[in-house]
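Below is one structure; the comments refer to it alone.
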């Protein structure tokens, strides 16, 4: 915890404590770190109540902590790599990826070579 009185420095410290809580694997450690982040955001709001980022982050961290306390599942089964747009996704662990078909559009020169719209058989008209 920072002993600085400047609300901006306290906000940076609170943000950093929340980020460190996100990278922990142990559920109880994550809950302890989220509690510390909630207290840090409360200190920021006590120092300056006119910081909307601090108020939003305070409410967000409280909701994340409460959701984690209510859930019985671990925080994550495997660590995911963080990117500019958040954590990267992956296919489900037990998914058979061979069932998925990847369709690649034809280039314009390939479309001109084959004038048929598809590879289906000629339909036979009845009646």
*Sorted by mean Cβ packing within 10 Å, highest first, what order do the peptides 99-110, 58-69 take?*
58-69, 99-110
*asked:* How large are Rg and Dmax for the stretch 7-75 when calculated on the C-alpha trace, in angstrom?
replied: 11.9, 37
*Say R0 is 30 Å: what FRET efficiency, to the nearest 0.05, do residue 97 and residue 19 get from their beta-carbon distance?*
0.40
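Read the figures in this text as sums done on the coordinates, not as results from a lab. Bear in mind that the values here come from a model prediction, so they are computed numbers and not experimental data. With ideal geometry, Cβ positions are generated from the backbone for all residues, glycine too; neighbour counts draw on all protein chains shown.
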